[in-house]
Each structure stands twice: as structure tokens, then as C-alpha cells.
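Visitor: Take a look at the following structure, please.
The values are calculated or read from the model by the stated rules, or taken from the named source; none is laboratory data. Nothing here was measured: the structure is a model prediction, and the numbers come from that model. So basically every Cβ, Gly included, is an ideal-geometry build from the backbone, and we count neighbours across all protein chains shown. SASA here: full protein model, heavy atoms, side chains in, ligands and nucleic acids out. Shrake-Rupley method; radii C 1.70, N 1.55, O 1.52, S 1.80 Å.
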Amino acid sequence: MKQLMKGNEAVVHGALVGGATHFFGYPITPASEIAHAAADFFPRTGRHFLQAESEVAAINMIYGAAGAGARTMTASSGPGVSLMAEGLSYIAGAELPCVIVDVQRAGPGLGNIWPEQSDYNMVVKGGGHGNYHNAVYVPNSAQEMCDMTAHAFDIADRYRVTVFILSDAYIGQMMEPVEIPDSVHHAPAKPWALGATSETRDNLITSIHMSTADQAAHNWKLKAKYDQMEAEITDWEEVFTDDADTLFVAFGITARICLTAVQRLRARGVRAGLLRPKTVFPFPRTRIAELVDQGPVREIAVVELNDGMMADDVQLAAPSVRVHRLNWLGGQVPTAEQVLEMAAQKAGQR
Amino acid sequence: MIKHKKPDAFYDTFERKGAGQQTTHYCPGCGHGTVHKMIAEAIDEFGVRDRTIFCSPVGCSVFAYYYFDTGNIQCAHGRAPAVATGMRRVHDDAVIISYQGDGDLAGIGTAEIIHAANRGENITVFFVNNAIYGMTGGQMAPTTLIGQQTLTTPTGRSAATDGNPIGMCELMSALSAPVYVERVSLGDGNRVLKARRAVRKALKNQIDGVGFSFVEILSPCPINWKLTPMDARKWLIENLEPAFPVKSFRDTGTPGAVATARAARDPSGPIPDDEMVRLLGSQSEIETIDRVTGLPEQRVKVAGFGGQGVLSAGILLANCAISEGLHATWLPSYGPEMRGGTANASVIVSEESIGSPLVDEPTTLIALNGPSIDAFEGSVVPGGLIVANSSLIDREPARSDVRYCMIPASKIAQDIGFQGAANVVLLAAYAAIEGFPAIDILRRVIPHALKKKNLVDLNLQMVDAAVEFVAEHPVAAPSAAPLPVR
């Protein structure tokens, strides 16, 4: 039986079936319902919830709990994720697994609490200092908020990386029917973690590599891991792409709006299609290149609530095709008709 | 008794500067080696080496993990107390040591240490205070003395520019949770013996579950003080100790209130998987119906004052849709807008999966107050429906191409005995007019959706009253317009 719930609440349901045991958080609109639901569900299912004094502390609690072998997570929005940049870099360097949910709001600075997708570069390109990446899943429904969060813990442990659920204020605040998965995931054995036992006494969690040779070897190892992730976990959805000459590319809330837009175009006889990345790191660049090189795609419209951040990645994947940037900022979210109007306008500018 | 043998809690050799090394990387006369040895000896004495996790900071002791043959984790600058907190919540029986210098603990990590202490985390913090930044070559620390010359206070620290040195033990003892706060000194042999006792006690407190222990150790840094090791100890006694009184600030010896409360909590761990699945899936057990297909997509805007139940009416509608096996989205106005101002909820119900959840052209507007009909009347599709609360709205819709129902919802609700349920009256009127949701489903969902179970009967009476009203006041067709289609 499906239950009506907010995307933010679905995250916590997904986390619990994903095997999360430790939640460390700090409230921020529009992500706070995640902390509220975690504060309710984690303690009464024998898990741990702690409200940290700051996002800086929260991400370092995660560093400790992940280092100790737990499946651990936090949730925030842009201003909080900015504060976590240092910890995210250490976590990447030390190769610890964890899950972070970013329910994006408008920025920069304090901005406002309405949806943007403008944390794309921060989250997809790393966020903190140094040469690293996060795995980044982009849900577009409450169901995916649940399912992707559950899956994220497996991915985090498989590759020992931070997995982001990059959401937005609408996907987080919107209620939809959600089917809760009926099996609970569990963490694999983690012989590398600090178990406070004689077997794990030799373990060291660190991101220091003092010699340039050691640091280089470590960074190339990370790079190999990211390449492996691209081969193994890149995920996307396609709608009407078989014969599409106009391809819409969008993620999260804008992918929902684009679905409606594409359906209306099809009803008018326009051969439009939609590619919706479900991961934006790794990015489905190979598939986009295929659609352009081997299919009828003549132009691409990337619809985003930022100034064209993912459009850069799309253009890199498909340098030979015209990539239109359909952007809204400040928390303004277009209707399907507004998307179609801007698409027509951009197409007319060729 | 001072042992001269290397403690077991140290590795046999220190590999940092090459295989087989026997000495640490610390400078001649530095206090870190002494403090390391005290800690290692205490770990040996209590037999907790296997379950000890040592949190290295950023600073000269960043490489403590080359020496301590324990579990090791190296932390970002100042964050060790937060890292220790995270580990504390995972391993009840770990012995967790946060070892920090003055820049780390009293500067960049002030928030983390204060809050870990205030939570009474059962950890042990060793705070090595040498009044200067060592690793980066001798800059001002938060504990640098007034007049003390450093690379960033070349003419001496000035209170006017830099403020006064921070007394961390004084700050710690202003909190209620720490059970043990003491400042010791490495100024001479007798002082070292006292320091050793303090290190031991702070570790034992944790092993015994007594609570948060904090030992500040005044420690020499001859290199950056630009003194010989002997002169550095003299300078420490003559200058640091007067500024930072060496004494016990608190020593309860018994579990603090926080540790007691923590011990009293339910110790049962994670619930079994099947119980978890049941818990997460148990929230909705409404009998569903198989509805007749052919429902046009419903795009409903519910709008009114914050507090009129606008959002909950939308949730009720979406829950009815689920019970009829339909797709639904509910998108609220939220945040500050929701508190005190106007509120609206957008609900889409469809037999097919829903793309955009935005309702820019509602097929139905449910308006609870005047401003709502002013704001949204124009957006309703031709042939659409407006259900308006005529108790608070003194005009009929100006549109001639929509159907409308003026129902005194607030008055009906008040007459039944609960004015707060005008939203349910309006929703039920919509249901009665459109045939969706089925009145029967609405009646079944209300008991599940309401948090206040004592109001169920009143709300069901609202539904009856609305159905009766609609039967007695048929909705007029618009002058000329088709019914809304998908």
C-alpha cells in the first residue's frame, strides 16, 4: 500500500531500509523535515539521531561514525552544504562511505527557500578542496527520494565514497504516494574501519600522504575508482528518444516539468524526447554522445534552475550539436508552457 | 613511579622518518613526547589498548598515529571532538581520546569542543597548551600571552588588537556536564608527576563511564619560544602558570547527570528487519476501491489564510486519490509564507503518472477566503469549477465561463460545532459536485488522515452537510464553455 508523504520524509524511510544507523543533522529550510523524521524514526528503531551544533560538526560526526564503520548520513541545503566542504574533502581523502542529502534552495548567500538547482557545480564537481568526486543521484519524485537514499548506502560502501542525493525544494516539499521497499539493506563487513577491537587496532583513518609519490598514487587510485563508477553506476531515463530530433535534458523537478512539455510537443506532432540523468556524477555523457552521433538529435535543450551548469556537461558530451540553455533562477520554477515558449524562442535564434 | 621502558601502547619503532626509528619527530625539549608517554602508560595500565581510538588533530601532534599502537583517526583542524562524538555513538565500549593543541582546540575548534563538553560526551580530551602555533612555525595562538612575540605578533600580543588569552579550563568549568576539568604543567619533575595522575584519572573516568574529562597541559615549545629546553621550562613556570592557574577546576569522581541519564536509556539495539518493514509500511491501511476509469486529470488549487487547513485539505484530497488507486501530487506553499500569511496547496490527481506538479491552470479552485478568489479566479480553466467559502467571500466569481458553488462553509462548520473544519466542508462540496473523490472514500480516509481522533465524527458531519447543501443547490453550468478536459 502506498503512503502519501513528502520527499523529505521519504528520504528517512529510504535511509532506514537502506540500513542507516546514525543521523547527524542541523536544521535548515527546505530540508528540515528530514531531520524531523529522523529524530522521530531513528531513536525508536534503535538507531541514533543527534542534532549537531553546526553543519561543520555534523559532517565531522559523520567522519567519525563512518570511520567507526556505521552507515551514516546528514541532510541540509546549500548554505549548510557549503559549511561541510572541508569535511567532505577529508571524507573523500580518507575514503569513508556516507550519504548526504542536499535539498537545494536559491542562492548565493542566504538566498531564499524556493527551488534552484544551483548547487550542481558545488556537489557534482566535489565541493571541497582537492581532487575528488562524490557520487550524485538526482531524484525527481518522492519515491526516488526513498529508493535512491536506500540504494545510496550500498553505493557508498561499495566504492567508499560520499553519495549525494541532490534534491530541490519542490522534490523535498512535494507529497506523493510512496511504496516503501520491503527488505532492509545492511552494511557489508568493514575490516578497514575502527572497530575498537584487536583485529582493527592497526587501522588508520587519514587523508595525509606526506610524500608526493604517496599522494600521487592515492589520487590516481581515487581517479581509477571514479572511472570505475562511471562504467558501473551511471544511470538515466529516456522518454521518446528513439526518433527524437529535439532532446530535452533535465534532472529533478525540471525533468518532471519537461516530461509534461515533451508530452505536449508529441501531441502537436513534434518529435521531442527527454533524457533525464538519474546520476549526474557519473554523468551519462556517453549516452548523450550516442544519441547525437548515432540518432536523429539535431538540437538539445537543457532545462535547469541555474545558469546552465549541467548544460556545460551536456555540451562537453555533445560538442557537435547546438545546446540551448533554458534557465530559471531565484526560486522561479517554470510551467511546462513557459518551458515550451522559451524552447521555441531559443530555437528561433539559430 | 616513572617507567623508562617504552609502553606497549607505543609502536616498537616509529616509521615516520624512516624504518626502524626510535625517536619521535618532536623537537628537543617539546612537551608532546612527555604527554604521549603518559597517555601510553595509562592505556597500558588499564589494559585498553585494543579498544582505544586515538583522534589526532592538526598541529604538531598530527602524526601521533605513528606512535600510538591503537586505532587511529586523523581529524580536520579543530574537529576532533565532533569526530569523537560520531565514534562514541557507534562504539559504546571504545576508549576515545581527543588530543588537541591550542590552535586546534581554543581557536578553530572552539565550537566543537564547547558542544562536545556540553553534551557530556564520554570521551577524554587532552589539551596541550604551549601558547603558540608550533607546526606552522610560531604564530600567535588564542592562548599566546599579552606581550609575547610571535611571527604574527612581532611586537608582542596586544589586547587592543588580539584580545586576551583564552582560559579553556575556565570556559569548560562554566558548563555543567564535564565531570573532570584540570590544568596541569610540565614545568618540572613534580609537576610532571601531577600531570601524569591527571592523565590517568581522565582516562579512567571514561573507562568507568563517568563522563567528559578535560585535562589542559601547559607544555614548553623551546623552538618557537626561542629558548633552550631548560630556559623554556623556567619561562613556562614564570609566565604561563600565572596566566593559566594550575589547579583542579572540577573533579566530581562520580558519573555526571548526563552519564546517568545516558545509562538509563533503553539499551536495546536496532529493531529486527521485519519489525522495521512493518513500522515503515504500517501508516495507511485504508480499504481501496476500484473506481470507474475515465476521470479527467484534476488540477486543484486550495487557497486561504494560513491556519484555515488549506494544506491539510490538499493532503486529504491526495490521500483519497491514493485510495482510489490514482496518481497524486501535493505541492505546498511553505516556509515563512505558510506562517501567518496566505497559504495554498496544489494537488494533481491523474490516472497516469504526473509530470509537472505545478498547478498554473487549475481545473478546480477551492477558495477559503477573499484574497484567494482574487488571486486565483483568473487562472481557472474555462469550464472549470470554483468552490468558494461564501461565509468569508462576499462576491460571486466574475467569470462567466466557469461553474461555481458558493457554500457558507465556515457557518456550516460553526453550526456543527467546529469552525476549523470549513476546509472539509469545501472539499466535500467539491467531491459531491465532481464525483471525485467518492464520498464513501472521503468518509473512510478522514479517520486515518486526522491527527485528532476526537474530531472524526464532527468531520464526517461536515461531509454530510456539504453533500446535502450541494444536493439542494445544484451547480449552474457556465454560460458557454466545455467541461475541462485533460
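Visitor: Just the residues that are among the β-branched types (V, I, T) and touching a strand residue (DSSP E or B) at 6+ places or on another chain (Cβ under 7 Å), please, taken from segment A:48-81.
Guide: A:I59, A:I62, A:T72, A:T74, A:V81
Visitor: Looking at (1) among the aliphatic types (A, V, I, L, M); (2) crowded, with 22+ Cβ neighbours inside 10 Å; (3) facing chain A (nearest Cβ under 10 Å); (4) touching a strand residue (DSSP E or B) at 6+ places or on another chain (Cβ under 8 Å), which is the only condition B:A64 fails?
Guide: With (1) among the aliphatic types (A, V, I, L, M); (2) crowded, with 22+ Cβ neighbours inside 10 Å; (3) facing chain A (nearest Cβ under 10 Å); (4) touching a strand residue (DSSP E or B) at 6+ places or on another chain (Cβ under 8 Å) applied to B:A64, the lone miss is (3).
Visitor: Further question: Please work out which one of (1) touching a Leu at 6+ places or on another chain (Cβ under 9 Å); (2) among the charged types (D, E, K, R); (3) free of Cβ contacts under 8 Å to residues at least 40 places away in the same chain is the condition A:R322 fails and give its number.
Guide: It is condition (1) that A:R322 fails.
Visitor: Quick check: is even one residue across segment A:254-267 not acidic (D, E) and not in a helix (DSSP H, G or I)?
Guide: No, segment A:254-267 has no match at all.
Visitor: Is segment A:25-33 home to any residue that is facing chain B (nearest Cβ under 8 Å), touching a residue at least 60 places away in the same chain (Cβ under 8 Å), open to solvent by less than 10 Å² (accessible area, probe 1.4 Å) and more than 24 Å from A:E144 (Cα to Cα)?
Guide: no
Visitor: Among A:E237, A:E232, A:E199, which is the only one that is acidic (D, E) and touching a residue at least 24 places away in the same chain (Cβ under 8 Å)?
Guide: After ruling out the rest, the residue left standing is A:E237.
Visitor: For segment A:202-244, give me each residue that is in contact with a strand residue (DSSP E or B) (Cβ under 9 Å, 6 or more places away or on another chain), part of a helix (DSSP H, G or I) and of a type in the set (V, I, T).
Guide: Of everything in segment A:202-244, just one residue is in contact with a strand residue (DSSP E or B) (Cβ under 9 Å, 6 or more places away or on another chain), part of a helix (DSSP H, G or I) and of a type in the set (V, I, T), namely A:I233.
Visitor: Also: From the list B:G103, B:G107, pick out the single residue that is more than 9 Å from every other protein chain (Cβ to nearest Cβ), out of contact with any Cys (no Cβ under 6 Å at 6 or more places or on another chain), surrounded by fewer than 24 Cβ atoms within 10 Å (Cβ to Cβ) and part of a helix (DSSP H, G or I).
Guide: Residue meeting the stated conditions: B:G107.
Visitor: Which residue out of B:A428, B:A477, B:A481 is under 25 Å from B:E361 (Cβ atoms), at pLDDT 95 or above and of a type outside the set (S, T, N, Q)?
Guide: None of the other options fit; the residue is B:A428.
Visitor: If you go through segment A:154-193, how many residues are farther than 30 Å from A:Q332 by Cα and away from chain B (no Cβ under 14 Å)?
Guide: Total meeting the criteria: 10.
Visitor: B:Q139 fails exactly one of the following numbered conditions: (1) surrounded by fewer than 17 Cβ atoms within 10 Å (Cβ to Cβ); (2) over 18 Å from B:G101 (Cβ atoms); (3) of a type outside the set (S, T, Y). What is the number of that condition?
Guide: The failed condition is (2).
Visitor: Still on this structure, please answer the following. Under the condition of being more than 13 Å from chain B (Cβ to nearest Cβ) and surrounded by fewer than 17 Cβ atoms within 10 Å (Cβ to Cβ), which residue from segment A:236-269 is farthest from B:H327 (Cα to Cα)?
Guide: A:D245
Visitor: In segment B:32-61, what count of residues is obtained for those that are at the interface with chain A (Cβ under 9 Å from one of its Cβ atoms) and of a type in the set (D, E, K, R)?
Guide: Adding up the residues that qualify gives 3.
Visitor: While we're on this one: Tell me yes or no: at least one residue of segment B:37-48 is assigned to a loop (DSSP other than H, G, I, E, B) and touching a residue at least 40 places away in the same chain (Cβ under 8 Å).
Guide: Looking for residues that are assigned to a loop (DSSP other than H, G, I, E, B) and touching a residue at least 40 places away in the same chain (Cβ under 8 Å), one finds at least one in segment B:37-48, hence yes.
Visitor: Could you run through segment B:123-136 and say how many residues are assigned to a loop (DSSP other than H, G, I, E, B) and open to solvent by 30 Å² or more (accessible area, probe 1.4 Å)?
Guide: The number of residues fulfilling the criteria is 2.
Visitor: If you don't mind, another one. Consider B:Q206 against the criteria (1) outside any helix (DSSP H, G or I); (2) crowded, with 19+ Cβ neighbours inside 10 Å; (3) of a type in the set (S, T, N, Q): it satisfies all of them except one. Which criterion is unmet?
Guide: It is condition (1) that B:Q206 fails.
Visitor: While we're here: With B:P362, B:P382 as the choices, which residue is at pLDDT 95 or above and touching a Ser or Thr at 6+ places or on another chain (Cβ under 8 Å)?
Guide: B:P362
Visitor: On to the next question. From the set of residues in segment B:214-253 that are within 40 Å of the chain's Cα centre (by Cα) and of a type in the set (D, E), which is most open to solvent (accessible area, probe 1.4 Å)?
Guide: Filtering first and then ranking leaves B:D251.
Each row is one residue, and each column tells you yes or no for (1) within 14 Å of another protein chain (Cβ to nearest Cβ); (2) under 39 Å from the mean Cα position of the chain (by Cα).
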| site | (1), (2) |
| --- | --- |
| B:V192 | no, no |
| B:A195 | no, yes |
| B:F212 | no, yes |
| B:D266 | yes, yes |
| B:M276 | yes, yes |
| B:L280 | yes, yes |
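Visitor: In this structure, does B:V83 turn out to be under 20 Å from A:A66 (Cβ atoms), β-branched (V, I, T) and at the interface with chain A (Cβ under 9 Å from one of its Cβ atoms)?
Guide: yes
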